Structure formats: C-alpha cells, structure tokens
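Engineer: Quick one: this structure, given as structure tokens, is what I'll be asking you about.
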Amino acid sequence: MSAPSYPDVGDLAIATVKRVVDYGAYVRLDEYEGIEGLVHISEISTTWVKHIREHVREGQKLVLKVLRVDRERAQVDLSLRRVTGREKTDKMLEWKRSKKADSIIKGAGERLKADAETTEKMRLLLYEKLENPYETFQESVEEGDGVFAKLGITPEWAAALAEVAKSKVKLEKASLTATVELTCRAPEGMEAIRTALSNAKKVKKPRGATVRIYAIGAPKYRIEATTREYSEAEALLNSAVDEATNTLKSAGGEGRRVS
C-alpha cells in the first residue's frame, strides 16, 4: 500500500470542517485522501476569537494555508487567518473547476461504456498533459473536439469529452474598460495615435479574448478587454493600455490612463 500524499508547507488546501472544539477545528483535506489537519484557534482569525463557532462550523468548506507537516505523526497544522481574500477566491475556483473537469471525464467514460480503470487512465492522462483540463474543456465548447487531437486522445474519447463538456460547461465572459487620453503634436500626430491604438489591439491575448477600441472624442479613447476570466481581462486591459501609451510616447506624443 502506497504512503499517503501530503501537501507542502505554504500550500493552499481545500478542507471540510469535521469537528469544532474549544481550541480549534479539525478538518479533512479534500484534495488528499485520508489526510486530516488542525486549525488552532490562534490561526482562525486576525482578530481575537472569543467563540470559535462564530467563525467556523461543521461541514463548512475552507481554504487554508499549510503551516507544518509531520508525516510520522500524520499531523498537519493549518491556518485560516493567513489566507488572503484573493487566495481564497482563486483556490476555490481552481478546486471547483477540477471537480467539474473530473465530472466531465466520468461522464465521457459513461457515454463510451468504459470501465472505471480505463476512465481513470484517461483522467490521469489529461492531468498529466494539461495544467488545467477545465480550460481545454472550455475551448472544446467553442472549437469542437479538435482541441484534444494534439494530446494523443482517440477520436472516440475526444468526441465524448467535447459532447459532455458542451452540456456541463457554461461559457462566461468578463469585460473591463479603461479610458485613455492620447495626444501628439508631431506632424504625423494622428497617424501615431492610430498606430498606438492598432498596437493595443494586437497585444498577446488568451485564447478567445478580444480587445476593442472606441473613440469617445479626441483625445479620449475607450479600450475594452473581454476574456473568460476577470483576472485575465484585467491583465489584458493593462497590457493594451500600456501598449497604446508607450507606443505613442516613443513617437513623441503623450498618453495616460484617466479611468
């Protein structure tokens, strides 16, 4: 029997609260089979905790930071208070997507009437070849089963995965906008502004993302970035704004973000 796997110190882990006691909360680490841990009361909140049950409850899902791991004692110490809001959001989203990806793979196996061992081999193959299978399932909804061809997956599995993904994945878009002021008094000033805006539209984008630009009224222009994720939209928008302003400055003009 192989030894159980443990998280590393500093990792973020999804956990379910099993039992709350006066000195802390015992949890089950959902991503590590058979592994449990303790969140001491001192690691529950950044403020003083008088009644621990006002902060955590049995059955609650938590995102925790791993503080210490003692494999010999099968003991994992965890912290709730050291997890930032952004870390919590990102980790929970990653976990939910992993669960959805597993559901899609299982559904494809059922569609093909594959046995449990074959389906598990497919799951391991996908996680070995893809950093995030869910993102590829998103792509398959838009582009079809061809996205699986480069992974060495049989046409039957590719078709089944794409079909199940279509029924389980809801594509959403995140759009963010910024207003920039672009001015250039050089003889070819308007051409320099057009080049700056054109370069902004050509910045490197995640698959399926777009950058659109609208004239509000010189010297103001609106740049809109649309992607599948808010964080991607934010990064893409910043990249497009920087490209526009930097391109114009190199041509002797001035550019700045105003909103």
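The values are calculated or read from the model by the stated rules, or taken from the named source; none is laboratory data. Keep in mind that what you see is a predicted model, and the values were worked out from it rather than measured. Because the Cβ atoms are built from the backbone with ideal geometry, glycine has one as well, and the counts that use them run over all protein chains shown.
Engineer: Name the residues in the stretch 109-139 that are over 27 Å from residue 209 (Cβ atoms) and surrounded by 15 or more Cβ atoms within 10 Å (Cβ to Cβ), would you?
Structural biologist: 109, 111, 112, 114, 119, 122, 123, 125
Engineer: Restricting to the stretch 211-259, name every residue that is surrounded by 14 or more Cβ atoms within 10 Å (Cβ to Cβ) and β-branched (Val, Ile, Thr).
Structural biologist: Result: 211, 213, 223, 226, 227, 241, 245, 247.
Engineer: Also, I was wondering about something else. So, of the residues in the stretch 16-45 that are touching a residue at least 40 places away in the same chain (Cβ under 8 Å) and more than 24 Å from residue 72 (Cβ to Cβ), which turns out to be surrounded by the fewest Cβ atoms within 10 Å (Cβ to Cβ)?
Structural biologist: Among residues in the stretch 16-45 that are touching a residue at least 40 places away in the same chain (Cβ under 8 Å) and more than 24 Å from residue 72 (Cβ to Cβ), the one surrounded by the fewest Cβ atoms within 10 Å (Cβ to Cβ) is 16.
Engineer: Specify the residue that is surrounded by the fewest Cβ atoms within 10 Å (Cβ to Cβ); the eligible residues are those in the stretch 46-105 that are in a loop (DSSP other than H, G, I, E, B), free of Cβ contacts under 8 Å to residues at least 12 places away in the same chain and among the charged types (D, E, K, R).
Structural biologist: Step by step, filter the stretch 46-105, then rank; the result is 72.
Engineer: Would you list the helices (runs of 4 or more DSSP H) that sit entirely within the stretch 118-237 and hold 2 or more residues that are outside the structural domain of residue 248 (by TED's automatic domain parsing) and over 30 Å from residue 254 (Cα atoms)? Steps first, please.
Structural biologist: Details: elements: 133-143, 155-168, 189-201.
The helices (runs of 4 or more DSSP H) meeting that bar are 133-143, 155-168.
Engineer: Taking the stretch 70-101, which residues are among the aliphatic types (A, V, I, L, M), more than 26 Å from the chain's Cα centre (by Cα) and over 21 Å from residue 21 (Cα atoms)?
Structural biologist: Residues satisfying the conditions do not exist here.
Engineer: Take residue 15 and tell me if it is under 30 Å from residue 122 (Cα atoms), part of a strand (DSSP E or B) and not basic (Lys, Arg).
Structural biologist: yes
Engineer: Another question about this same structure. I'd like to know if the stretch 35-44 contains one or more residues that are within 23 Å of the chain's Cα centre (by Cα) and within 30 Å of residue 133 (Cα to Cα).
Structural biologist: Within the stretch 35-44, none of the residues are within 23 Å of the chain's Cα centre (by Cα) and within 30 Å of residue 133 (Cα to Cα).
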